[in-house]
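Written below as structure tokens is the structure these notes are about.
The values are calculated or read from the model by the stated rules, or taken from the named source; none is laboratory data. None of these values were measured; they are calculated from a predicted model. A quick note on method: Cβ atoms are made from the backbone with ideal geometry, for glycine too, and the neighbour counts reach across all protein chains shown.
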């Protein structure tokens, strides 16, 4: 076959694919819980009108959507196998549930998900929550932008087998037990964000993960009887230009060697026990590797590539 004809066929196939993709890309404006959940699917931008959305108040028997299911006992709303989905909320938009035992939203096997300008959490009346706010399992290329995740959920989110996650100009506040859990994750970035008024146990849990960046973040007014950073079999954890202050935490980390700290302000008095010391005292504080106390901790090691 003439090579020009082959090139022409390839070009036509490429154009056809792009055209089909554009045809099925949809912008959908929603103003009720049923409309929002019914709209969830691939290649969608869901524009959410301002208001409070109680997502578990919906009659799920009338929602014919193969991409979501609902488990009222354990998992709550589960979004599965969806690519290229954006939630763009108007100002003062809250995504809520009444059930204290489940996440607000679960994402399983999803790619290219974006949540912008939302406030997400359990309703104020949902006491003694057992669910996190958001759960991502086996997902890739996730962006949370200008969004607040609030408690009384036990943590802002749980990430498992997640790659390329961005938390930008967003907040985790008032969570009862932790700030976050990361398990088997890579390329996780927290930029210009705040983590505050949360905790009981280890605040930031990182397990079997790598290339984790906190940049221009504030970690303020949290509480823990244990570690601020609990690290297990992980590396490439970078803190850049962060402020860590006014917390009440037992220890900074169980593994200082895998945290690279540059140009950060760290208040020493917030750590009330030195690693390896079971006594409390006025001199207990987080220390550099050489044992010197410092409000600003940095090192000369090159940061790992993001």
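Some notes on this structure:
- Checking each residue in region 215-235 for being in a loop (DSSP other than H, G, I, E, B) and touching a helix residue (DSSP H, G or I) at 6+ places or on another chain (Cβ under 7 Å) picks out only 234.
- Selection status of residue 91, closer than 16 Å to residue 145 by Cβ, touching a residue at least 24 places away in the same chain (Cβ under 8 Å) and not in a strand (DSSP E or B): yes
- Yes/no for residue 154 being in a loop (DSSP other than H, G, I, E, B) and farther than 20 Å from residue 236 by Cα: yes
- Any hit, region 63-81, residues being free of Cβ contacts under 8 Å to residues at least 60 places away in the same chain and part of a helix (DSSP H, G or I): no
- Taking region 59-77 as the range and being in contact with a strand residue (DSSP E or B) (Cβ under 8 Å, 6 or more places away or on another chain) and within 17 Å of residue 102 (Cβ to Cβ) as the test, the residues that pass are 60, 68, 69, 70, 71, 75, 76, 77.
Conditions tested, residue by residue: (1) outside any strand (DSSP E or B); (2) farther than 22 Å from residue 214 by Cβ; (3) modelled with pLDDT of 95 or more.
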site: 100; (1), (2), (3): yes, yes, no
site: 144; (1), (2), (3): no, no, yes
site: 149; (1), (2), (3): no, no, yes
site: 158; (1), (2), (3): no, no, yes
site: 161; (1), (2), (3): no, no, yes
site: 166; (1), (2), (3): no, no, yes
site: 177; (1), (2), (3): yes, no, no
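- Within region 115-130, tally of residues that are modelled with pLDDT of 90 or more and surrounded by fewer than 17 Cβ atoms within 10 Å (Cβ to Cβ): 0
- Residue 285 being in contact with a helix residue (DSSP H, G or I) (Cβ under 6 Å, 6 or more places away or on another chain) and either outside any strand (DSSP E or B) or at pLDDT below 80 (or both): yes
- Put simply, of 34, 45 the only residue that is assigned to a helix (DSSP H, G or I) and either surrounded by 13 or more Cβ atoms within 10 Å (Cβ to Cβ) or at pLDDT 90 or above (or both) is 34.
- The residue that is surrounded by the most Cβ atoms within 10 Å (Cβ to Cβ), among those in region 48-70 that are under 19 Å from residue 121 (Cβ atoms) and over 24 Å from the mean Cα position of the chain (by Cα), is 58.
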